[in-house]
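Below is one structure; the comments refer to it alone.
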Amino acid sequence: VFILLFPQTWKLADSLYTCKVLVVGAGGIGCELLKNLVLTGFKNIEVIDLDTIDVSNLNRQFLFQKKHVGKSKAQVAKESVLQFCPSANITAYHDSIMNPDYNVEFFRKFMLVMNALDNRAARNHVNRMCLAADVPLIESGTAGYLGQVTVIKKGLTECYECQPKPAQKTFPGCTIRNTPSEPIHCIVWAKYLFNQLFGEEDADQEVSPDTADPEAAWNPEEATARASASEKDGDVKRVSTKEWARSTGYDPIKLFNKLFKDDIMYLLTMDKLWKKRKAPTPLDWTQLENKASPQEESPASGLKDQQVLGVWGCCQLFKHSVETLRSELREKGDNAELVWDKDDPAAMDFVTSAANLRMHIFSMNMKSRFDVKSMAGNIIPAIATTNAVIAGLIVLEGLKILSGELESCRTIFLNKCPNVRKKLLVPCVLDPPSKNCYVCASKPEVTVKLNVQKTTVLSLQDRILKERFGMVAPDVQIEDGKGTILISSEEGETEANNSKYLSDFGIRNGSRLQSDDFLQDYTLLINVLHTEELERDVEFEVVGEAPDKAPPPQSNPEEVNSITNGNKDSAQPSTSSKGQPQTRKTQKLPDDLQFTEKPSLYCFFYY
Amino acid sequence: MIEKEDPIISEEEAAQYDRQIRLWGLDAQKRLRGSRVLLAGLGGLGAEVAKNLILAGVKGLTLLDHEQVTEESCRAQFLVPVSARGQNRAQASLERAQNLNPMVEVHADPGRVEDKPDDFFLQFDAVCLTGCSRDLMVRVDQLCSQHRIKVFCGDVYGYYGYMFCNLGQEYSYVEEKPKVVKPSGDSSDGSGAKKAKVDPNETTMVKKTASFCTLKEALEVDWTTEKAKAALKKTPVDYFLLHVLLKFRTDKGRDPDPQSSEEDGELLRQIRSDVLDALGLSASLLNDDFISYCFSEMSPVCAVVGGVLGQEVVKALSQRDVPHRNFFFFDGRKGNGMVDYFGPN
């Protein structure tokens, strides 16, 4: 109402009434944002979300009630808002923003786009669409008590990808397969096991002992021998885990004895591994059964899920979950695959039990289902108030943009405690675009180190262009004077190339690949730097970045400035990028970072 | 007294509160579950606080408001249905508020705060006042703190907003700190076997106490002393703006109204000079800028202040985490949110 107050604000009032805005996401931030937008006077709002409502959303996504569980978030959000503001003009899309229907033309309809997302891939994509359409974007994120809002305007400010974000946390294959030292290693192993047994088998998610582990070799010659032996072994001799399981009829006890006894005994023969580490102790089903004592009375004060089971309890949970999953698989029919879901009780039971058994074997204290779920499911704790604050800030930035006051826009950080200058909310001036940004620079270019004889075209497409560089549907041409097409986004056109190596196409050191994403209106020139010296488990490296090293707390905060990325990332830590695990964790910032003028938020992946 | 009866959290609660239990812990959730809160004023800010507390899962929330729903109040908050014109604002907000979380007992009371007898307040663990006059807030704060009831005040004026709290002279709480992991020196075993690894994520709860002054003391700081004058440089001017706006409310019985923007603007200018003069301070401390921006309860500002205020109530009821002591000021023009203490040392 205040906006009708003064002549200078009449124009703003008019904008509010006529402009169209897009809200990407109708979850925690989205619900609060929609409410603020309509109460502030925004008339024409479009909201998109691919998700449906879950009971765990109800502690903060206040536009939803219990009766709405299972329904489309965007749709129900719209209906709820119309309840208290029937005159609002809202269009809801139950869809993914990465659907090619939402092209540059679609984005150009809007005066303002506001993200309310929970994953990096979508943020990257919207970033590019807004650059392509030249529409201002307000980006935001929350995790627990912390939050952040910033404004992205082509040519004026940094884009979302100007600052390299720390890469997803990954673990080396040998840590997962041979020498776990932390509960998370066991949990990742259990998730891999789920896929190997019940889901989509993935060569990067091996669970069996890794004979080629360099640490297992006593001398360099042995290491080479081990490596080549394991390579030769290949798929011909070895039966896949799933096939083996099938051959036993998914017998839980046979599975148990292979995974928790036989394979562990095998690991013990790789004695060098246990020279400086505590050796694992194999489990025997029958022995455990005989020793089993009645379960202790559960302490009434905790949640049922917060109990830590005993070893025999885990065994039983393992057996029951395998049996349930086996039936689920059979019901689905031949060649069926299950997809792991933290909210599927049997899937969660399976990971809980398998991970805990492995923790016990490797002398780690076992974890409750509650804790395992947090880690396995990448759950980021969330509350209503943080989202309410951030959504309020988003609208305030939006008003500045609509008033044409871009220079007054800020990045604002919400801290848990006030800093030395008493600030709980810290506004910071926006940075100009980075000249070397591989997304928003005028002719984006990167150099990628890889082995042209070992990198397949499919890897280039999926691991490098899609995962690392955020393209959705890449087209790649070799700059060889002939414009040879390596990858076409049209389905089937270049499928034959997928398993071939880059060198097969004459790509070598110094070659240049032009990669486009038509939808994102994005062209990236990739300079190939051939190398034969990449670290184990590492497929490629982007030159000029050290994404692996956990940034030391005292470093320039600008280097790691990033929005809380959300829980949908790093669901399956892969072994294809750098193997060094970061020491990053949770949302607790190091104390000294709280007090710098520009506190930075690291990516809030749990793992 | 916060009831800790029924220590068992139901499966329904565990499922619904999962994401917040993972943040502040089960114990805090149980304390919330045993708390009763009074919320006065269901304007823009009040509705935000109501939403936040109901979602958090308090035992009971009483919505107290004597005002009637007007055309404007429909647009100002999201709990009142458009058809409710003429009804009492608390009662009109009840249904949507209750629907936010059926597990909370939400009551609506159409009475006036000033008419409530002293013992009315004693049934609550915390009281939150919005839209109240300075004298009323001071009186209620006095009464409540005598009975160890936690007091919160807050308002939004255009782009500006504040929150105040009084948690008593001896408020104890816990703070989560990372556990200090002692290096395991157990290498006497020939094979160099190590101890089982300690979870690096382990934390420990440390007990702390803090002391809060009354609202009266907080507002009646003496700025004429040398010490105070020296502190002035680091003092957010929002504090003085608050004095001006509270005085306006006392004098006019309402907040600055866009309908009478010119005369209200004039009056604000005058009050600014009077207030600063009475405090022994220069009128230039608060320039004219604020006048254009303190009209009407702006929704996004209500969201920010309501979020901070709501979270402070949750913290105080659960006695967990460092409370903001004792004011929070938000300037929506600058994006500044500051916490500062005003009162005797």
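Taking the criterion of being in contact (Cβ under 8 Å) with a residue 40 or more places away in the chain and either under 16 Å from A:Asn195 (Cβ atoms) or among the aromatic types (Phe, Trp, Tyr) (or both), the residues of region A:329-351 that qualify are A:Leu329, A:Glu337, A:Leu338, A:Val339, A:Trp340, A:Ala347, A:Phe350, A:Val351.
Restricting attention to region B:198-219, does a residue exist that is under 22 Å from B:Asn336 (Cβ atoms) and modelled with pLDDT of 90 or more? Steps first, answer last, please.
Of all residues in region B:198-219, those under 22 Å from B:Asn336 (Cβ atoms) come to B:218-219.
Add one more test, that the residue is modelled with pLDDT of 90 or more, and what stays is B:218-219.
Yes: region B:198-219 contains one or more residues that are under 22 Å from B:Asn336 (Cβ atoms) and modelled with pLDDT of 90 or more.
For residues in region A:280-313 being within 14 Å of chain B (Cβ to nearest Cβ) and modelled with pLDDT of 95 or more, which is surrounded by the most Cβ atoms within 10 Å (Cβ to Cβ)? Ranking the candidates gives A:Pro280 first.
Which is closer than 24 Å to B:Ala303 by Cβ and either assigned to a loop (DSSP other than H, G, I, E, B) or away from chain B (no Cβ under 12 Å) (or both), of A:Ala355, A:Ala382, A:Ala391, A:Ala346? Talk me through it step by step, then tell me what you get.
Numbers: A:Ala355 fails: closer than 24 Å to B:Ala303 by Cβ; A:Ala391 fails: either assigned to a loop (DSSP other than H, G, I, E, B) or away from chain B (no Cβ under 12 Å) (or both); A:Ala346 fails: closer than 24 Å to B:Ala303 by Cβ.
Just one listed residue meets the conditions, A:Ala382.
Report whether or not B:Val305 is among the β-branched types (Val, Ile, Thr), closer than 12 Å to B:Tyr160 by Cβ and not assigned by TED's automatic domain parsing to the domain that holds B:Lys247. For B:Val305, the condition - among the β-branched types (Val, Ile, Thr), closer than 12 Å to B:Tyr160 by Cβ and not assigned by TED's automatic domain parsing to the domain that holds B:Lys247 - is met.
Of all the numbered requirements in (1) surrounded by fewer than 15 Cβ atoms within 10 Å (Cβ to Cβ); (2) within 30 Å of A:Glu105 (Cβ to Cβ), A:Lys500 misses one, and that requirement is (2). The residue of region B:5-45 that is farthest from the other protein chains (Cβ to nearest Cβ), among those that are more than 30 Å from B:Gly111 (Cα to Cα) and of a type in the set (A, V, I, L, M), is B:Ala28.
Filtered by the rule that a residue be closer than 18 Å to B:Gly158 by Cβ, in contact with a Phe, Trp or Tyr (Cβ under 7 Å, 6 or more places away or on another chain) and more than 14 Å from chain A (Cβ to nearest Cβ), region B:276-292 gives a lone residue, B:Leu286. Condition check for A:Glu46 on (1) among the charged types (D, E, K, R); (2) touching a residue at least 60 places away in the same chain (Cβ under 8 Å); (3) buried (at least 24 other Cβ atoms within 10 Å of the Cβ): one failure, at (3). Just one of the numbered conditions (1) more than 13 Å from chain A (Cβ to nearest Cβ); (2) at pLDDT below 95; (3) under 30 Å from B:Met338 (Cα atoms) is not true of B:Gly168: (2). When you check A:Gln582 against the structure, is it within 14 Å of chain B (Cβ to nearest Cβ), within 30 Å of A:Trp340 (Cβ to Cβ) and at pLDDT below 50, yes or no? Criteria met by A:Gln582. Looking across B:Arg89, B:Arg22, one residue alone is free of Cβ contacts under 8 Å to residues at least 24 places away in the same chain and more than 20 Å from A:His68 (Cα to Cα). It is B:Arg22.
From A:Leu117, A:Leu112, grab the single residue that is under 30 Å from B:Pro102 (Cβ atoms) and of a type in the set (A, V, I, L, M).
Details: A:Leu112 fails: under 30 Å from B:Pro102 (Cβ atoms).
Answer to the selection: A:Leu117.
On the given criteria, is B:Asp264 touching a residue at least 24 places away in the same chain (Cβ under 8 Å), closer than 24 Å to B:Leu53 by Cβ and more than 10 Å from chain A (Cβ to nearest Cβ)? No, not satisfied. Restricting attention to region A:432-454, the residues that are under 21 Å from A:Glu407 (Cβ atoms) and surrounded by fewer than 16 Cβ atoms within 10 Å (Cβ to Cβ) total 2. Scanning region B:132-150 for residues that are in contact (Cβ under 8 Å) with a residue 60 or more places away in the chain and either on the phi > 0 side of the Ramachandran plot or outside any helix (DSSP H, G or I) (or both) turns up B:Cys132, B:Ser133, B:Lys150. The residue that is nearest to the other protein chains (Cβ to nearest Cβ), counting only those in region B:54-72 that are assigned to a helix (DSSP H, G or I) and touching a helix residue (DSSP H, G or I) at 6+ places or on another chain (Cβ under 6 Å), is B:Leu55.
To keep it simple, each residue is scored yes or no on (1) in contact with a helix residue (DSSP H, G or I) (Cβ under 6 Å, 6 or more places away or on another chain); (2) among the basic types (Lys, Arg); (3) assigned to a helix (DSSP H, G or I).
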{"residue": "A:Leu33", "(1), (2), (3)": "yes, no, yes"}
{"residue": "A:Phe42", "(1), (2), (3)": "yes, no, no"}
{"residue": "A:Phe62", "(1), (2), (3)": "yes, no, no"}
{"residue": "A:Lys78", "(1), (2), (3)": "no, yes, yes"}
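Criterion first (assigned to a loop (DSSP other than H, G, I, E, B) and either surrounded by 17 or more Cβ atoms within 10 Å (Cβ to Cβ) or among the β-branched types (Val, Ile, Thr) (or both)) does B:Leu281 satisfy it? Here the answer is yes, as B:Leu281 does meet what is asked.
In region B:70-86, the residues that are over 16 Å from A:Gly41 (Cα atoms) form Cβ pairs under 6 Å with partners that are among the β-branched types (Val, Ile, Thr) and part of a loop (DSSP other than H, G, I, E, B), at six or more places apart or across chains, as follows: B:Val80/B:Val69; B:Ala84/B:Val69; B:Arg85/B:Val69. Taken together, B:Arg139, B:Arg85 contain a single residue that is surrounded by fewer than 20 Cβ atoms within 10 Å (Cβ to Cβ), at pLDDT below 95, in the same structural domain as B:Met163 (by TED's automatic domain parsing) and among the basic types (Lys, Arg), which is B:Arg85.
When you go through B:Phe295, B:Phe330 one by one, which is the residue that is at the interface with chain A (Cβ under 9 Å from one of its Cβ atoms), buried (at least 18 other Cβ atoms within 10 Å of the Cβ), over 16 Å from the mean Cα position of the chain (by Cα) and not in a helix (DSSP H, G or I)? Give the derivation first.
Working: B:Phe330 fails: over 16 Å from the mean Cα position of the chain (by Cα).
Criteria check complete, one pass: B:Phe295.
Applying the condition of being among the polar types (S, T, N, Q) and within 12 Å of another protein chain (Cβ to nearest Cβ) to region A:33-62 and asking which residue is nearest to A:Asp14 (Cα to Cα) yields A:Thr40. Considering only residues in region B:17-53 that are in contact with a Cys (Cβ under 7 Å, 6 or more places away or on another chain) and in a helix (DSSP H, G or I), the one that is surrounded by the most Cβ atoms within 10 Å (Cβ to Cβ) turns out to be B:Glu48. Return the residue satisfying two criteria in turn: it lies in region A:183-233 and is polar (S, T, N, Q) and more than 29 Å from A:Asn356 (Cβ to Cβ), and of such residues it is modelled with the lowest pLDDT. Ranking the qualifying residues of region A:183-233, first place goes to A:Ser228.
Here is a check on your reading of the model: is B:Val308 surrounded by 18 or more Cβ atoms within 10 Å (Cβ to Cβ), within 11 Å of chain A (Cβ to nearest Cβ), in a strand (DSSP E or B) and of a type outside the set (Ser, Thr, Tyr)?
no
Select from region B:98-131 the residues that are outside any loop (DSSP other than H, G, I, E, B), aliphatic (A, V, I, L, M) and away from chain A (no Cβ under 14 Å) and list them in ascending order.
Quick first cut of region B:98-131, residues outside any loop (DSSP other than H, G, I, E, B) only: B:98-100, B:105-109, B:113-115, B:118-121, B:126-130.
Now narrow it down to the ones that are aliphatic (A, V, I, L, M): B:100, B:106, B:108, B:113, B:126-127, B:129.
Result: B:Ala108, B:Val113, B:Ala126, B:Val127, B:Leu129.
Number of residues in region A:138-186 that are within 14 Å of chain B (Cβ to nearest Cβ) and of a type in the set (Gly, Ala, Ser) equals 5.
The values are calculated or read from the model by the stated rules, or taken from the named source; none is laboratory data. As the structure is a computational prediction, the values presented were derived from the model and not from experiment. Cβ sites come from the backbone with ideal geometry, for glycine too, and all protein chains shown count toward neighbours.
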